[in-house]
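Readers should treat all values here as calculations from the given coordinates under stated rules, not as data from a laboratory. Bear in mind the structure is a predicted one, so any value in this text is a computation, not a measurement. Glycine gets a Cβ as well: all are built from the backbone with ideal geometry, and neighbour counts include every protein chain shown.
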Amino acid sequence: MNPNDLEKYSSAITLSDMEVFVFPELMYSLVLANIMSPILWKWREDDTFKKLRGKKPYRKLMRLRQYIMDEYDFNLDLETWGMTDQAAEIKRFSPFISPEQIAGSNALFGYTGDKYYFDVDIRRHFGLDKYDSEVIPFWKTETIEAMDAFLYRDGYDKKAGECVSLSTLYAAAAFVVCGIPLEDIFMVLTPLHSQNYIDLNDGVITNNRRVVTKPMWFNGTEISTKAQRALRNEQITVVSHCSGYVHCMYDKATIDSGQYDRLKSRLGEYLNAQLDILIFSNFLRANGRYQKHFQFCRDHRGQKRFVKADVLYSYEHGSRFRIADDTYDQLLDEVSQEDFSIYKDADRMCCEQLRTFLEYEKIDLQTGSGREKLRDYLAPLIADIDVFLDELIDFLHIDPKLPAGEKSFSPSQPISLDVDMTRQQVIETLQGIRQTSTVADLAFYAYRDMGTCDWRPYIKASIERNPVSIEMAKEMDHQQVYSWLGGMVNESIYDGRRLSQPDEVCNFHRGDGLEKAITMANILLADNCETDIQILVDQHDIVVKNNANNWRFVSSKQLSKQIIITNNCQIDISEN
């Protein structure tokens with residue numbers, strides 16, 4: 001494995017946000033690792049989803065949303081995976097991407113693409129202002145095993161993960177639990193966020209723990225406004241799909257060009273709404289300062305009754321009913337009679353009158369004529385009519401900043417998995433294409449399958465990118481470290497021959513003896529880089545050696561290796 005490949009494959013172990021940005025294959029590799037995980041397949045046997053067998057994927061996806069919201073917290077804790085610094089990361093990735101490109105597309109290196117952050121010190125926003133200006137977090141993307149293990153972490157009572165972890169979990173669960181084909185799932189990454197577009201019905205976006213349908217996207221609520229922020233304001237850096245990826249910085253794209261065109265078309269449709277009274281009412285909900293120009297009316301015993309828009313929206317705020325949708329009449333029933341007037345307010349337009357106008361004129365604000373018609377109609381009412389129209393058009397239309405330019409499409413081998421496959425069939429299929437698919441091969445590293453993977457990437461990641469274990473042990477001598485590790489639960493968060501990283505062992509206070517041994521080696525190397533470290537892995541018996549001492553651990557992983565890490569961190573691995 002050459003140095004560049006070693007860097008990429010070791011990144012499949014640690015999966016920091018920066019690593020995923022530099023090596024975009026990693027995003028889908030983690031999806032596949034989660035698809036192979038026994039944890040996800042157990043969800044199918046949960047009563048929550050057993051009841052939905054035979055139901056359509058859309059129904060299952062809506063239930064999956066509630067399941068994930070109930071089970072998982074969003075986590076952006078800086079200390080979870082420790083700190084690095086900008087100079088070290090720029091040097092590390094210099095063979096692959098320039099510092100200028102990193103700064104132009106990564107939030108921790110100066111990126112401010114989202115206008116929201118122009119008014120917020122980004123380091124203060126992320127809680128980094130308490131550190132030196134060069135310090136940045138690793139922000140590793142968690143496997144489903146690590147997400148579930150947050151239950152064992154101090155201060156947590158739920159499973160948890162950051163946004164990239166949640167997006168890969170959603171993509172994998174959509175396939176395994178909901179039966180949605182991989183071909184219909186597109187992963188969309190921006191510098192500050194990660195979400196998925198699922199081509200189902202009118203389109204669905206998964207956003208952190210939530211699922212956003214097209215009607216929800218345009219409902220004008222605060223939650224929807226926040227959900228829109230990334231696609232409204234940020235450059236999309238990576239699109240990842242079972243056929244490949246396209247990256248904003250790289251000329252070569254491995255995604256199937258037809259699938260990319262499909263995404264552009266379908267996502268474009270999802271992000272555009274036709275103006276009708278429901279969408280207009282949603283716009284007023286999001287832009288309350290214009291409510292003073294409008295009113296709503298209803299028939300009451302053959303007589304018209306009028307209610308000011310701002311008054312009706314105040315009722316809506318505490319209600320489960322909404323203006324202009326199927327529950328509109330129920331909302332009106334909640335309004336106190338004293339808030340209705342038998343007289344129309346001359347300074348306000350009745351929204352029912354506006355509805356008739358929109359339907360008769362078939363207003364399309366994407367055309368100049370449509371804009372002028374609506375402008376002429378509302379100008380006597382609204383003084384700042386052009387600002388109003390600009391904001392309305394902006395509400396109706398989002399133009400996603402997808403990777404553009406002259407891309408050279410060189411399709412990779414697609415990942416072809418059928419929703420009717422068993423877990424074992426999925427694993428066997430991916431094993432069968434490892435020689436021809438880098439993504440499939442990397443998936444087994446993200447999956448941590450040390451029975452079939454080269455150990456050098458795993459050991460490299462363990463001793464270079466696991467600062468939490470070192471920080472936790474900094475006040476201990478070597479014997480105290482050994483006792484501390486021995487006192488942890490002797491149980492891995494990964495099944496079979498899969499291995500945790502040192503920081504997972506320490507964060508979750510548990511690990512197999514082999515994982516504890518590698519954690520011990522990481523701490524020893526940080527404490528004394530002048531001494532070579534040996535790790536002898538002989539099935540159940542694990543020994544960590546330096547010049548002065550031996551430390552023994554017991555493992556159930558049934559692995560055998562001899563690992564030597566020199567004082568300059570060179571790694572030599574052989575069969576034991």
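So which of LYS140/LYS557; LYS362/LYS401; LYS50/LYS214; LYS516/LYS545; LYS55/LYS226; LYS214/LYS401 end up more than 22 Å apart by C-alpha?
Working: LYS140/LYS557 24 Å; LYS362/LYS401 29 Å; LYS50/LYS214 27 Å; LYS516/LYS545 14 Å; LYS55/LYS226 31 Å; LYS214/LYS401 19 Å.
Exceeds cut-off: LYS140/LYS557; LYS362/LYS401; LYS50/LYS214; LYS55/LYS226.
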Spread of Cα-to-Cα distances over 10 Å intervals beginning at zero, given as percent, for region 299-357
20, 58, 22, 0
With Cα atoms, 0 to 90° folded angle of helix 277-286 axis to the chain main axis:
60 degrees
Order these peptides, 63-71, 236-244, 327-335, by their mean beta-carbon neighbour count within 10 angstrom, highest first.
236-244, 63-71, 327-335
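So, by mean Cβ neighbours within 10 angstrom, what's the order for 360-370, 300-310 with the highest one leading?
Details: 360-370: 12.8, 300-310: 14.5.
So the order, starting with the most tightly packed, is 300-310, 360-370.
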Could you tell me what percent of the DSSP beta bridges with both partners in the chain are antiparallel, to the nearest 5?
85 percent
Helix 163-176: inclination vs the chain longest Cα principal axis, degrees, rounded to 10, gives 90 degrees
Sort out for me the Cα centre separation of region 39-100 from region 320-350, rounded to whole Å.
42 Å
Rounded to one decimal in nm, the spacing of the 7 Å Cα→Cβ label points at LYS362 and ASP527 is 7.9 nm
When the Karplus curve 6.51 cos²θ - 1.76 cosθ + 1.60 is applied with θ = phi - 60°, which whole-Hz ³J(HN,Hα) does each residue of region 375-391 get, with x for Gly and Pro?
4, 4, 6, 9, 4, x, 9, 10, 5, 8, 5, 5, 5, 4, 5, 4, 5
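How much space per residue, in cubic angstrom, does the convex hull of the C-alpha atoms of region 277-396 take up? Display every interim value, and only then the final one.
On the way: hull volume 13.0 nm³, N = 120.
It comes to 109 Å³ per residue, whole-number rounded.
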Using the crude model of +1 on Lys and Arg Cβ and -1 on Asp and Glu Cβ, and no other charge, please compute the dipole size for region 407-452 relative to its Cα centre, in debye to 20.
200 debye
Cα centroid separation - region 540-576 against region 267-303, whole Å
67 Å
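So if I place +1 on the C-beta of Lys and Arg and -1 on the C-beta of Asp and Glu, and nothing else carries charge, what would the dipole magnitude of region 153-250 be about its Cα centre? I want it in debye, nearest 20. Let's see the in-between values first.
Values: 9 positive and 9 negative charges, 55 e Å.
The dipole of region 153-250 has a size of about 260 debye.
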If you line up the Cα atoms of region 450-574 on their principal axes, what length do they span on each, largest first, in Å?
33, 29, 24
If you count, for each residue, the other Cβ atoms within 10 Å and average over each peptide, how do 539-546, 350-357 line up from highest to lowest?
539-546, 350-357
Read through the labelled values [x] 1.21; [y] 1.12; [z] 0.90 and report the label of the one computed as Cα Rg over 2.2 N^0.38 Å from the structure.
[y]
